[in-house]
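The values are calculated or read from the model by the stated rules, or taken from the named source; none is laboratory data. Computed from a predicted model, the values in this text were never measured in an experiment. Every residue, glycine as well, gets a Cβ built from its backbone with ideal geometry; the counts of neighbours run over all protein chains shown.
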Amino acid sequence: MNEANKIKATIILSSIFIFLISFATGKSIDDNLFRWISGVSSAVVLVWTVYEKWFWRLSLFGRLSELTGTPILYGTRKGILTYESDVSGKKGNVPIYLAINQT
């Protein structure tokens, strides 16, 4: 995810958190604005950290990662390597496995 999209997502997520907390508690944001902002900022940082570390690997969040431009590559792939010439100058194919460990 590029930085501009990450900033937009953070602002949207913060706004949603503030609205939901205000709606659930029935309290006004005006009373303790800095306390609301610090609490929501902490929650957003926690959500981003958990997402960046673990949740992006889950299938539900993996689709979200692909939509935001982060490809999910980890896993083992089976394929065929086609080469034009080997030591003796012959063309051929060899079955291969490619293991990707994405962190």
Next item on the list: Only residues in segment 29-54 that are closer than 27 Å to I72 by Cα and touching a residue at least 12 places away in the same chain (Cβ under 8 Å) count as the first member; pair them with residues that are part of a helix (DSSP H, G or I) and of a type in the set (G, A, S), Cβ under 7 angstrom, at least 6 apart or cross-chain, and list the lot.
Entry: V44/S14
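Every residue, every condition in (1) surrounded by 12 or more Cβ atoms within 10 Å (Cβ to Cβ); (2) modelled with pLDDT under 80; (3) in a helix (DSSP H, G or I); (4) of a type in the set (S, T, Y), yes or no:
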| site | (1), (2), (3), (4) |
| --- | --- |
| A4 | no, yes, yes, no |
| I18 | yes, yes, yes, no |
| S22 | yes, yes, yes, yes |
| K27 | yes, yes, no, no |
| D30 | no, yes, no, no |
| I37 | yes, yes, yes, no |
| A43 | yes, no, yes, no |
Check: Restricting segment 1-28 to residues that are among the β-branched types (V, I, T) and without any contact (Cβ under 8 Å) to a residue 12 or more places away in the chain, which is nearest to I72 (Cα to Cα)?
Finding: I7
Margin query: Among the listed residues G89, G69, G79, identify the single one that is modelled with pLDDT of 75 or more and either part of a loop (DSSP other than H, G, I, E, B) or in contact with a Leu (Cβ under 6 Å, 6 or more places away or on another chain) (or both).
Written below: G89
